[in-house]
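For reference, the structure discussed in these notes is given below.
The values are calculated or read from the model by the stated rules, or taken from the named source; none is laboratory data. These numbers were taken from a predicted model, which means no experiment stands behind them. Cβ: placed from backbone, ideal geometry, glycine included. Neighbour counts: every protein chain shown.
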Ligand SMILES: [Zn+2]
């Protein structure tokens, strides 16, 4: 039987590379847990300033536009907080500075559950391989969560040690748990469609893709709409 996770009391922290990633990856889950009363935070690591095919777009202007879109999406999902590391798009490096920043946010917000991308998911059929920033932040986050955040001698200036109980990795090829997002699939679709800079059309295609993907996961989980994750138990 597929395991379905219930409501989460929080705090929850979702860590992703680009402004639209949290909404696309786990927006239904974040909205559901926010509705249930959990404190839900999102940390976006780059400013998304290269996310366009148009050479005439000014990267700084695009980054400002994407921050506005992300703020709109956060309001749709009912997030408690949305935070930015401000790295240039495509230039995340899994180095000590990035891990220190992640550890700092984990120790400040002290989440029970942390969500992020599964960095081991590289090839999705013949049409897509995972973005470098997604892979980099996925591995950096895992190393930041365990052992770094939980041991005081790692990054001693980043606050008192904290061990989140669970990591949930989205965009995984090997989901082990699911969240029923039937009640929040509309919020997820609405949040994704806030990222207007990322669509050639009015976002209708993206809304449809979001629903189809969640339906597919729903079939595996035995509900109408779901989001699937690889779960890691980190202790507590
Ligand atoms: Zn992305």
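Side notes on the structure shown:
- Any hit, region 123-131, residues being within 22 Å of residue 27 (Cα to Cα), modelled with pLDDT of 95 or more and either outside any strand (DSSP E or B) or more than 14 Å from the ligand (Cβ to nearest atom) (or both): yes
- Residue count for region 177-188 satisfying the condition of being within 17 Å of the chain's Cα centre (by Cα) and not in a strand (DSSP E or B): 5.
- Matching option when the condition is assigned to a loop (DSSP other than H, G, I, E, B) and either crowded, with 16+ Cβ neighbours inside 10 Å or touching a strand residue (DSSP E or B) at 6+ places or on another chain (Cβ under 8 Å) (or both), among 119, 152, 160: 119
- Taking each residue of region 30-52 that is in contact (Cβ under 8 Å) with a residue 40 or more places away in the chain and under 21 Å from residue 181 (Cβ atoms) and looking for partners that are in a loop (DSSP other than H, G, I, E, B) and within 16 Å of the ligand (Cβ to nearest atom) with beta-carbon atoms closer than 8 Å, six or more apart or interchain, yields 44/17; 44/18; 44/19.
- Within region 25-58, the set of residues being out of contact with any strand residue (DSSP E or B) (no Cβ under 9 Å at 6 or more places or on another chain) and closer than 20 Å to residue 134 by Cα comprises 48, 49, 50, 51, 52, 53.
- Residue satisfying condition, being surrounded by 16 or more Cβ atoms within 10 Å (Cβ to Cβ), in a loop (DSSP other than H, G, I, E, B) and more than 13 Å from the ligand (Cβ to nearest atom), within set 34, 73, 38, 63: 38
Matching residues to (1) at pLDDT 95 or above; (2) under 26 Å from residue 140 (Cα atoms):
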residue: 39; (1), (2): yes, yes
residue: 43; (1), (2): yes, yes
residue: 55; (1), (2): no, no
residue: 64; (1), (2): yes, yes
residue: 76; (1), (2): yes, no
residue: 84; (1), (2): yes, yes
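- Of the residues in region 97-116, none is in a loop (DSSP other than H, G, I, E, B), without any contact (Cβ under 8 Å) to a residue 12 or more places away in the chain and either over 23 Å from residue 30 (Cα atoms) or out of contact with any strand residue (DSSP E or B) (no Cβ under 9 Å at 6 or more places or on another chain) (or both).
- Flag: residue 190 does not match the condition of being within 30 Å of residue 64 (Cβ to Cβ) and buried (at least 22 other Cβ atoms within 10 Å of the Cβ).
- Checklist (1) out of contact with any helix residue (DSSP H, G or I) (no Cβ under 6 Å at 6 or more places or on another chain); (2) part of a helix (DSSP H, G or I); (3) more than 16 Å from the ligand (Cβ to nearest atom) applied to residue 25, failing item: (3)
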